[in-house]
Amino acid sequence: MKNRRLFQRGFLAFSSVFFAFPYLLMLLCCLSTDAGIKGNMLFGSLSTEHFFSNLSNTFQNSQFICAFFNSCLVSSIASAATLLVSSLAGFGFSVIRASWSKLLLAVIVFSLFIPEVTLVIPTFQLAKNMKLLSKYITLILASLSIPFSTFLFCQNRSRFPSDLIESAKIDGASDFCIYLRIYLGTMRRVCVISLTISFLSAWNAMLMPVILVQTQEMFTISIYLNSVSSIWSDDYAILMTSLSLSTIPVLLVFFLFQKRNPSDPGFLLN
Amino acid sequence: MIKTSLHQWAVVVICAVVALFGMLPTSIASETKDITIWAYDNWAKAAEKAVEIYQNNHPGSDYIFHVVTMGQDDMVQKVKVALSTGATDALPDIFYDEDYNYAEYILYYGDMFHELTPYFDLTKYYPFKAVNVTTDGAVYAIPYDAGTGVMFYRTDLIQAAGLTDEDMDNLTWEQFIKIGKKVKQATGVDMIIMCPGGDMEGRILYQSAGTWFFDENGRENIKDNQAFRDALAAMNSLYQAGIVWDVPGWDDYFAAIANGKAVALVGGSWWAPIITSYQEQSGLWRITQVPRLTGSDAYTNYSNLSGGNWFVIEKENSEFASQFVVEMFANNQELADFMANEYYIVPTNRDLVAGLTVMPHPFWGSQDIITTLCRYNESVPSVVYGLNAYEMTYTVGPLVREYINGKYTLDEVLVKIYEAAVMIGGNF
Amino acid sequence: MWKNRIHCRWKLLFLLPAMLTIVATVYVPLVYAFYLSLFGGRGRKIEYVGLGNYTKLMSDDMFLSSLVNSFIFTAIIVPCILLLGCLLAYCLWNLKSSAAKRFLSILYFMPSVTSPVAYSLFFKQITYSDGIVSGILKALHVLSDESSLLNSVAGARILISAICVWSWTGFYALILRAAIDNINESAIEAAEMDGASTSKIFRKIILPNISPVLVMVCILSSCSIFQLYTEVALITKGGPGISTYTMALYLYRKAFVYVSEFGYASAIGIAVFVLLILVCLVIIIQKKVYGNEK
């Protein structure tokens with residue numbers, strides 16, 4: 001009994017180190033200088049003074065600020081749009097009883113298995129032909145994650161029992177009213193999860209946006225970091241600070257989500 | 001409940017507004033007197049300096065310049081994507097790119113480039129540069145710099161083995177190996193940094209022998225190519241002699257230089273500013289010619305790696321842009337002096353070379369490397385790079401590495417390279 | 001009657017935006033990808049070649065090597081994720097303190113939400129020959145002084161696999177924990193009371209009950225491996241030689257780095273899709289067969 005506990009605790013501790021050490025290392029690098037990181041003298045060169053100078057250098061980099069702002073804008077809109085569209089679809093699937101609705105759902109979920117890699121070139125060609133390259137709308141469309149969100153809403157169908165619909169219909173409410181007032185209310189938790197996951201996936205998206213966005217003013221953070229990776233001599237400490245800063249919004253959103261839904265992974269698998 | 005629906009309506013309205021907003025063009029309508037220049041690394045600095053000098057010389061000019069600095073991979077990808085759209089609005093007016101990409105740009109997108117033949121005199125340029133900016137007699141780019149093939153070496157480590165700088169001049173690879181073994185024995189340091197995967201050293205060797213993956217017609221040039229065979233054999237012999245500091249990639253070169261892991265580095269002259277950034281090694285580095293292959297009189301000690309040119313896109317201001325590029329990069333002595341002394345980017349225009357003012361650079365001890373680089377440029381063999389240079393490089397590189405690792409014999413790897421060349425080049 | 005019909009049509013409207021978007025952003029490009037793959041040629045000079053690109057693919061060394069690499073990565077990464085994920089899920093589930101549970105869940109999940117570009121750049125900096133990780137490994141004598149982690153085929157593959165495991169396990173552990181949650185607690189408690197060891201409980205009770213979820217984890221992680229791009233593009237650029245070259249990297253290079261061959265690159269994309277479906281089918285069929293045997 002004791003051994004079992006010890007083994008489990010030890011394993012969890014070891015895993016914690018494994019998962020946490022890159023973040024700790026990244027933070028340490030932010031406290032250092034370029035010479036310290038390159039010359040392998042990391043622990044000898046830590047100081048808060050360096051941290052503040054790295055921070056100020058990062059904020060002075062207008063491209064980084066612009067990319068950051070673009071990422072926030074695009075991710076927020078993409079996640080809101082995803083929520084809207086997928087909750088509508090989820091409600092639709094809840095109320096439609098016909099058997100072909102299952103086929104439609106299968107079509108939506110199957111699109112999850114189509115690799116992004118396959119879609120990069122045709123999407124690029126289509127956007128190019130429709131003169132939609134480097135436009136916000138293209139970026140937003142490419143950052144949606146509707147299939148997964150719709151899947152989430154359908155999985156959690158049980159939270160929205162059909163007698164609610166019946167009683168609402170008896171009261172004379174139209175379908176859209178039911179959707180707005182009742183469905184979104186009872187599925188609030190799933191809405192939050194969907195918002196979070198689509199925000200994260202929009203923020204981290206790289207393969208499609210890199211091809212679809214060609215003007216520097218429209219870079220998102222992921223595209224900017226990718227473009228920075230091929231510059232000759234870069235100040236590593238400033239780069240590390242940029243990397244850390246770019247992961248903060250994602251972690252913030254994630255923590256906010258955790259606060260509202262503490263330790264409940266059940267949503268994924270009803 | 002009402003609060004919830006208000007939230008949702010707000011979301012709907014915002015989405016609709018943004019969708020409309022997103023349909024609007026995001027590019028700022030360009031004023032007619034805007035000139036955009038794209039370049040990377042030190043060549044962006046060249047562009048900035050050129051703009052500065054131009055504005056000093058023409059104070060009344062109402063043209064506004066925008067120099068955009070990007071990573072090289074990023075810039076090349078953007079240029080290619082923009083070219084493939086067929087429209088020039090996503091392209092800059094002027095950009096800098098390597099010799100290797102010239103053929104692709106002009107062959108597939110030639111109508112989008114402004115022809116530069118009437119603007120300057122190509123005969124002033126070294127043949128090995130001139131041959132890679134001309135298509136059917138028309139010139140589409142201004143040759144700018146050459147990545148003159150040189151060998152950088154640590155003179156202090158050479159001297160520790162009892163040798164002098166004269167012993168490093170005009171070597172063959174066999175002599176180089178002998179020296180390498182001696183230095184390794186005396187100092188324990190490997191003689192040369194190499195990364196077969198990037199085929200950097202390979203490309204220097206091929207051009208030093210006057211050969212390339214493809215001939216002038218774009219057909220593969222591997223079969224029955226003795227020079228190519230000798231180049232691969234020479235690279236292998238370096239590894240067999242045990243004098244190579246092998247690195248997996250580009251970044252490791254920096255670390256190797258910084259930590260003194262190797263005595264010599266064979267590369268383009270653009271390594272010079274990188275080496276000089278390691279101030280603590282001042283006085284320890286010298287340059288000399290690339291060692292030559294043995295077996296033919298056609299093999300030389302001179303080569304070229306990743307030189308570049310300036311291109312002008314056919315847009316509203318291409319006339320002015322062409323004049324600007326020619327005035328600054330082809331004819332301006334002040335810019336040439338500045339770039340040569342600051343960044344070791346020596347001109348390839350014989351007139352500019354003749355008028356070059358060289359400042360002392362104590363980093364290289366008593367050696368005047370700028371004049372040396374100019375002298376080397378006179379003797380670089382001319383090679384037409386043509387299409388698919390990078391694809392071939394990234395295919396040949398791994399094959400060369402496997403050959404060196406012993407997976408293939410020389411004959412086997414040559415067959416594989418031949419097959420790759422046919423598949424990549426034959427599609428022309 | 002007609003009122004019913006209109007009612008039905010009205011309900012369809014709810015599905016419309018989702019269906020439209022998915023068809024427009026996924027299925028139309030998919031069909032267009034197949035159409036593009038029927039054309040060969042480069043740049044703007046394209047010509048119809050029918051299935052010529054696919055026959056060329058089958059004799060293309062680069063593509064075949066990258067396919068082999070994908071299978072090698074799958075063989076390394078998927079078992080690690082399964083093992084690590086199950087153990088983490090089980091240990092977390094067993095944890096009594098809910099604060100610790102929450103903290104650790106967040107910690108393990110963090111890499112899944114971090115941008116791949118960000119952590120790839122970070123790992124690139126710390127694993128090149130003078131990076132911090134190399135320093136640690138050399139101090140432990142795992143790595144000889146002369147080489148770097150990225151210089152050996154095995155080293156580069158293990159590095160990429162480790163990074164993928166680090167990044168994806170948290171997400172799968174979360175899913176597995178939910179699955180374990182659904183198992184009847186009393187069965188496990190009874191077994192523990194009887195003194196069964198952890199591994200026995202695992203094998204006899206937990207694994208059989210969560211096997212559909214295990215299959216799902218296998219499928220999802222295989223999908224991610226076949227599409228691997230960012231990590232290899234930024235860290236190893238294809239690895240020493242072509243040992244970490246992936247199909248996605250080859251596609252990107254063929255389309256946007258070398259002289260653009262959109263037709264051939266689209267063929268690679270379609271090939272990746274078909275292979276993915278095949279792999280998923282194999283996993284599902286294997287599970288059915290294995291399940292039937294039991």
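Annotations
- Restricting region C:111-122 to residues that are facing chain A (nearest Cβ under 7 Å) and part of a helix (DSSP H, G or I), the residue that is surrounded by the most Cβ atoms within 10 Å (Cβ to Cβ): C:V117
- Complete set of residues in region B:102-130 that are touching a residue at least 40 places away in the same chain (Cβ under 8 Å) and within 26 Å of C:G41 (Cα to Cα): B:Y102, B:A103, B:E104, B:Y105, B:L107, B:D111, B:M112, B:F113, B:H114
- Some residue of region B:202-216 being in contact with a helix residue (DSSP H, G or I) (Cβ under 9 Å, 6 or more places away or on another chain) and acidic (D, E): no
- Qualifying residues in region C:173-188 (those that are more than 13 Å from C:L207 (Cα to Cα) and at pLDDT 80 or above) - the one farthest from the other protein chains (Cβ to nearest Cβ): C:A173
- Number of positions in region B:102-111 that are touching a Phe, Trp or Tyr at 6+ places or on another chain (Cβ under 8 Å) and of a type outside the set (G, A, S): 3
- Any hit, region B:200-221, residues being over 23 Å from the mean Cα position of the chain (by Cα) and of a type in the set (D, E): no
- Among the candidates B:V422, B:V353, B:V415, residue that is surrounded by 16 or more Cβ atoms within 10 Å (Cβ to Cβ), at negative phi, in a helix (DSSP H, G or I) and more than 18 Å from the chain's Cα centre (by Cα): B:V353
- Subset of region C:232-284 (residues that are among the acidic types (D, E) and over 20 Å from B:A389 (Cα atoms)): none
- Selection within region B:300-320 - of a type outside the set (V, I, T), crowded, with 20+ Cβ neighbours inside 10 Å and closer than 19 Å to B:E98 by Cα: B:Y302, B:S303, B:N304, B:L305, B:G307, B:G308, B:N309, B:W310, B:F311
- Of all residues making up region A:104-124, the number that are more than 7 Å from chain C (Cβ to nearest Cβ) and either without any contact (Cβ under 8 Å) to a residue 60 or more places away in the chain or touching a Ser or Thr at 6+ places or on another chain (Cβ under 8 Å) (or both): 6
- Looking only at region B:203-233, residues that are closer than 15 Å to B:R401 by Cα, surrounded by fewer than 22 Cβ atoms within 10 Å (Cβ to Cβ) and not basic (K, R) come to 1 in all.
- Condition check for A:T186 on (1) in contact with a Phe, Trp or Tyr (Cβ under 8 Å, 6 or more places away or on another chain); (2) more than 11 Å from chain B (Cβ to nearest Cβ): one failure, at (2).
- Any chance C:V28 is in a helix (DSSP H, G or I), within 13 Å of chain A (Cβ to nearest Cβ) and out of contact with any helix residue (DSSP H, G or I) (no Cβ under 8 Å at 6 or more places or on another chain): no
- Breaking point among (1) crowded, with 18+ Cβ neighbours inside 10 Å; (2) at the interface with another protein chain (Cβ under 7 Å from one of its Cβ atoms), for C:S134: (2)
- Residue in region C:235-255 that is aliphatic (A, V, I, L, M), away from chain B (no Cβ under 14 Å), under 30 Å from A:V228 (Cα atoms) and buried (at least 19 other Cβ atoms within 10 Å of the Cβ) present: yes
- With respect to the conditions (1) without any contact (Cβ under 8 Å) to a residue 60 or more places away in the chain; (2) farther than 30 Å from A:I137 by Cα; (3) not hydrophobic (A, V, I, L, M, F, W, C), A:H50 falls short on a single one, namely (1).
- Helices (runs of 4 or more DSSP H) (entirely within region A:111-170) containing at least 1 residues that are within 23 Å of C:S222 (Cβ to Cβ) and under 21 Å from the mean Cα position of the chain (by Cα): A:116-129, A:146-155
- B:S277 vs. criteria over 22 Å from B:N349 (Cα atoms), surrounded by fewer than 15 Cβ atoms within 10 Å (Cβ to Cβ), within 22 Å of the chain's Cα centre (by Cα) and of a type outside the set (V, I, T): yes
- Looking at region B:213-326, the helices (runs of 4 or more DSSP H) lying wholly inside it that each contain 2 or more residues that are under 29 Å from B:T134 (Cβ atoms) sit at B:226-240, B:271-276, B:318-325.
- Any pair with Cβ under 7 angstrom, 6 or more apart, that starts in region B:395-420 at a residue that is within 11 Å of chain C (Cβ to nearest Cβ) and ends at one that is among the basic types (K, R) and surrounded by fewer than 21 Cβ atoms within 10 Å (Cβ to Cβ): B:L399/B:K416
- In region A:211-242, the residues that are at pLDDT below 85 and among the aliphatic types (A, V, I, L, M): A:V228, A:I231, A:A237, A:I238, A:L239, A:M240
- Top-ranked residue in region C:52-85 [being among the aromatic types (F, W, Y) and in contact (Cβ under 8 Å) with a residue 60 or more places away in the chain; ranked as farthest from C:L174 (Cα to Cα)]: C:Y54
- Residue check for B:G180: assigned to a helix (DSSP H, G or I) and in contact with a strand residue (DSSP E or B) (Cβ under 6 Å, 6 or more places away or on another chain): yes
- Of the helices (runs of 4 or more DSSP H) that lie entirely inside region B:1-89, those containing 1 or more residues that are within 30 Å of B:Y343 (Cβ to Cβ) and at pLDDT 90 or above span B:41-57, B:72-84.
- Residues satisfying the stated conditions in region A:160-180, i.e. buried (at least 17 other Cβ atoms within 10 Å of the Cβ) and charged (D, E, K, R): A:D175
The values are calculated or read from the model by the stated rules, or taken from the named source; none is laboratory data. On a predicted model such as this, the values are computed, not experimentally measured, just so you know. Note that each Cβ is placed from the backbone with ideal geometry, even for glycine, and that neighbours are counted across all protein chains shown.
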